[in-house]
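The values are calculated or read from the model by the stated rules, or taken from the named source; none is laboratory data. Everything numeric in this text was worked out from a predicted model, so none of it was measured. Cβ placement follows ideal geometry from the backbone for every residue including glycine, while neighbour counts extend to all protein chains displayed. Heads up: the accessible areas ignore ligands, DNA and RNA and are worked out on the full protein's heavy atoms, side chains in. Shrake-Rupley method; radii C 1.70, N 1.55, O 1.52, S 1.80 Å.
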Amino acid sequence: MGAPTVSVLMNCLNGARWLREAIESVQAQTMEDWELIFWDDQSADASWWTARQMANSDPRIKCFRGPGGQTLGMSRTLATSKARGAYLSILDCDDLWDPYKMAFQMEMMQNPALAFCFSDCEIIDEEGQLTGFAFARTPPPADGQTLYRALLTRPNFMLCPTICFRTEAVRKAGSFRLTFGSAETYDLCVRLSQDQQAAWTPMRLAQHRRHPGQFNGTGKAAIYHEVLQVMQEHRSWRHPAQIRREIGLWGKLAVKTLAHT
């Protein structure tokens with residue numbers, strides 16, 4: 001059997017609660033030429049069993065299990081090493097896709113200059129109830145060519161379940177940063193957008209779930225720390241808006257750190 005067009009990366013650690021629903025949203029895609037790389041990081045719940053059970057009836061689902069205790073950046077990179085598709089999409093085990101997500105983004109990626117594309121999405125709670133929209137909270141830049149600067153000067157406007165990468169571009173960039181456990185996808189998008197093009201659509205092609213326990217105080221601090229590291233590595237043009245954002249993030253990091261010491 002030939003290589004699929006799209007490889008879907010699904011990294012999991014104790015994600016059994018919504019896992020079946022997430023995988024079913026991939027199976028419901030109008031485009032059927034895909035593989036799902038399920039990478040389990042030694043979950044203690046039924047995640048591994050659920051994925052294996054679904055793989056038994058759908059050979060497009062490939063299950064792998066890491067040694068545990070790895071950063072998300074490492075786990076995503078290991079999952080990427082198993083991918084055979086020309087494109088990479090990420091779907092975490094608590095998020096969902098619109099049935100047309102994959103097909104629509106394949107149309108967008110017909111432009112060979114694009115390293116990746118992304119879209120708006122719905123924000124839902126743990127019960128699946130709509131609570132907002134990603135672009136309503138933080139709209140993307142009007143001009144896609146200013147994406148690199150916007151990523152460094154504004155709150156993140158792209159969410160993981162909406163992104164589709166060109167696999168070749170990801171591998172040439174060195175894949176995800178191995179030491180990062182929170183901002184690994186943000187870091188990759190910044191590096192890719194520095195000298196390559198990306199595109200976005202206002203269509204809401206995914207549902208991103210926000211729920212208690214997703215990020216606790218220490219988890220938020222880790223995100224701020226990693227985002228600041230990325231921003232400091234991309235300071236060549238010293239834009240005032242970036243400096244203001246860095247100051248704000250340092251303040252948030254201090255508050256979270258003090259609250260958990």
Show the residue pairs meeting these rules: Cβ distance below 7 Å; 6+ apart or different chains; first residue within region 166-185 and of a type in the set (Lys, Arg); second residue assigned to a loop (DSSP other than H, G, I, E, B). Arg166/Met109
Checking the structure you have, find out if any residue of region 57-64 is at pLDDT 95 or above, assigned to a helix (DSSP H, G or I) and not charged (D, E, K, R). yes
Selection status of Gly144, open to solvent by less than 40 Å² (accessible area, probe 1.4 Å), at pLDDT below 90, of a type outside the set (Val, Ile, Thr) and under 24 Å from Tyr100 (Cα atoms): yes
Could we say that Ala198 is at pLDDT 90 or above and in contact with a Leu (Cβ under 6 Å, 6 or more places away or on another chain) here? yes
If the requirement is being touching a residue at least 12 places away in the same chain (Cβ under 8 Å), of a type in the set (Asp, Glu) and crowded, with 22+ Cβ neighbours inside 10 Å, which of these qualifies: Asp45, Asp40? Asp40
Kindly establish whether Arg209 is in contact (Cβ under 8 Å) with a residue 24 or more places away in the chain and not small (Gly, Ala, Ser). yes
Looking for whichever is farther than 24 Å from Gln197 by Cα, touching a helix residue (DSSP H, G or I) at 6+ places or on another chain (Cβ under 6 Å) and open to solvent by less than 60 Å² (accessible area, probe 1.4 Å) here; the options are Thr50, Thr71. Which one fits? Thr50
Which residue pairs have Cβ atoms under 9 Å apart, sit 6 or more places apart or on different chains, and have a first residue in region 49-78 that is closer than 22 Å to Gly181 by Cβ and touching a residue at least 60 places away in the same chain (Cβ under 8 Å) and a second that is β-branched (Val, Ile, Thr) and assigned to a helix (DSSP H, G or I)? Leu72/Thr185; Gly73/Thr185; Arg76/Thr185
Among Arg210, Arg177, Arg171, the single one that is out of contact with any helix residue (DSSP H, G or I) (no Cβ under 8 Å at 6 or more places or on another chain) and either open to solvent by 40 Å² or more (accessible area, probe 1.4 Å) or closer than 18 Å to Gly73 by Cα (or both) is Arg210
Scanning region 147-168 for residues that are of a type in the set (Val, Ile, Thr) and surrounded by fewer than 21 Cβ atoms within 10 Å (Cβ to Cβ), which turns out modelled with the lowest pLDDT? Thr153
